[in-house]
1. For segment 254-386, which semi-axes, largest first and in whole Å, follow from the square roots of 5 times the eigenvalues of its Cα gyration tensor?
2. Taking only the alpha carbons of the chain, what extent do you get along each of the three principal axes, in Å, biggest first?
3. Looking at segment 194-498, send over the antiparallel percent of its DSSP beta bridges, to the nearest 5.
4. Percent of alpha carbon pairs in segment 221-267 separated by more than 15 Å?
5. Per 0.36 nm of contour for each residue apart, how much would the distance between residue 462 and residue 486 grow if the chain were fully extended, relative to their Cα-Cα spacing?
6. Given a cut-off of under 8 Å on Cα pairs at least six residues apart, what relative contact order in percent is computed for the chain?
7. Taking the Cβ of each residue in 149, 162, 443, 340 as the centre, tally the other Cβ atoms inside 10 Å and list the residues starting with the fewest.
8. Kindly provide log₁₀ I(q)/I(0) values, in the same order as q = 0.10, 0.11, 0.16 Å⁻¹, from the Debye equation applied to equal alpha-carbon scatterers of segment 349-475.
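Coordinate-derived values only; no laboratory data. Not measured: the values here are computed from a predicted model. Note that we place each Cβ from the backbone using ideal geometry, even for glycine, and neighbour counts take in every protein chain shown.
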């Protein structure tokens, strides 16, 4: 079959959506931070290995005009296409599917966290032939292809049409053996994906799927849509040997300089796994040959774990702080305290690891004093042993439909917008009522990057040409981020004026 993986270049006033591999969606002007859609990349690789002709068609990363994008698609003439959607884009993807079906004889598979939460909605409101209600939609897409070609049974979690009626195969089951995944074919997917804080060329993997939590067991933030609807609060890891073998291929064939593990909390929560992974990396001669970075939880950063991470080759850990208020962390079900997060981040820095801290503003129960705590803690941790590579992320909280926070907001009347108007969830303004200016505080926290002490310590710790290149990319990203903030402020003011 001819199968296309589609990311149509839908944009908003010249800004493109951070759709693939993003738990938090926004429109942005900067091209510097677009990680690859990893699950679709596995899907594309699977289908190619099965003998299908696969067209990876990402108009977002390539900033393509829609007419040029569609021409290339029509030239390929696919029999089946897969489109990943997310809450703020679902209306526009429904419209795109209708136009596509009007002009082409093609079956459409719709995937993503929003349709996993509510698959029937998209079956009713769009002309999609299949909707996959599962995070393991790479395996599901392969099954759909086998069903179309050979009549094979569909697994659970598939919604489809039969005789004009909407039907489904019942609940999906998570794939237990993730070693069944192929190694991503980057020649197929392309090398344009990257983020501003990672060395280039950057490769991406997922050591598993789901957050393994910390010492108190699996923790799952109530705003995390992937944990809630994709992975169902269950953490799965690939084997250390399988991950090391993929990294070996990424280094030898593709010459990636840095590999980022975009699993929710990486593998740092499982010390036994990490020790075996170090052994595999060392035996393959990969220690010192490639830089590693990962998502992680700070309450896992004891001395032994940090030492293992460092000697394996890890450079940077992306850690969720979210808020400086312990009440907020408890409400979010973080299962860690500010004191534990701060101690973990400091310990990671003590072991010469870089840290990217993520924060949020706009919680409806917080006061100005609470967000001031978030600012203070973030600044203290950013300045603590600051070195080139440390950075932060600040965003306004978005309670995507399907998350516990979404249902709490509905129950408590926290929404400042119509919660059923999905386009409001694009992070251009707060969607929850808040006693302080969430966007202004978000910007103020982000500007810790400009703190003179942080700038000086970062500058004097730059070493080598790779750091200089990364610094230039960071400055470009900084300018783009400031343009985004200016645009978001205008959008927010316009929305308030039109209410």
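1. One finds semi-axes of 30, 14, 13 Å for segment 254-386.
2. Each principal axis gives a Cα extent; for the chain these are 64, 61, 42 Å.
3. Taking every DSSP beta bridge within segment 194-498, about 15 percent pair in antiparallel fashion.
4. 56 percent
5. So the chain would gain 5.7 nm between residue 462 and residue 486.
6. 13 percent
7. Ascending Cβ contact count within 10 Å gives the list 162, 149, 443, 340.
8. At q = 0.10, 0.11, 0.16 Å⁻¹ the computed log10 ratios are -0.41, -0.48, -0.83.
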